[in-house]
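Below is one structure, written out as structure tokens; comments come after it.
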Amino acid sequence: MTNQSPYSQKQEEPQKKKPWWKRWWVILIIIFVLMLIIGMFREDTPTDTSTGSDEATTEQAPAEDKQEEESQQEEAPADEETAQQEEAQPEEEKNNTVNVAGQDWECLPVPDETMQRIMDGDKWDDGAHATVDKAVMVQGADNNFIAANIAWEGEDEPFAADFTAPVDGSGPITSASPGTAELFNWPETPGGPFDGTDAAKECLAQ
């Protein structure tokens, strides 16, 4: 009879091995792999977003460039017109203004009523056989000084006539030169001719 205790029998039984998936190194590997996968997802997400934004920017860029080109094309003609107007304005001012005796005189058209009154003073036939080719005037403080190219019937070339008329249009018309007084009933301008007459002649010559 052997004296064996139950404890000794239990100790002699072989220990069961843990399954492989419960071992510490397997768990460590699984955790490491999971961390790698999570890290890869985090890196991929910004790349995709940035790529999408780049594509959107690339798509929007041609549209913005096209809009800028169209706006520049629309602005270009307007700038050209403005430049042409600015260039034309000094010429117009130059053509419409003369300087006589240190004073600037503005060249103005002669009102039809005033020109008709002047032509009614024709000694020949109240202006019935005369045609006004061109007439201009300058305005002084009290008088309008008028210069006109007048063609007479039967004459090959027009001649220049000079007149002085009151600004209000109600006073008498006078001839600013002796030659004009010979053809018209208007007497010579007292004390004339004035600087305004010379200014009107320069306007007529332009």
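Return one whole number: the accessible area per residue of the stretch 94-151 in Å², for a 1.4 Å probe.
56
Can you tell me which of 27-40, 112-125 comes out highest on packing, and rank the rest after it, using the mean Cβ neighbours within 10 Å?
The peptides rank, most packed first, as 112-125, 27-40.
Length gain on complete extension for the stretch Phe159 to Lys123, per 0.36 nm per residue less the alpha carbon to alpha carbon distance?
11.4 nm
If I take the Cα coordinates of the stretch 139-206 and project them onto the principal axes, what are the three extents in Å, biggest first?
Result for the stretch 139-206: principal-axis Cα extents of 37, 28, 20 Å.
For the stretch 101-178, with all protein chains present and a 1.4 Å probe, just round the carbon and sulfur fraction of the accessible area to a whole percent.
44
If each residue of separation counts as 0.36 nm, what is the full-extension length gain between Ile27 and Phe41 once their alpha-carbon separation is subtracted?
Answer, rounded to one decimal: 2.9 nm.
The values are calculated or read from the model by the stated rules, or taken from the named source; none is laboratory data. Being a predicted model, the structure only gives us computed values, none of them experimental. Because the Cβ atoms are built from the backbone with ideal geometry, glycine has one as well, and the counts that use them run over all protein chains shown. Note: accessible area is taken over every heavy atom of the protein model, side chains too, but ligands, DNA and RNA are not part of it. Shrake-Rupley method; radii C 1.70, N 1.55, O 1.52, S 1.80 Å.
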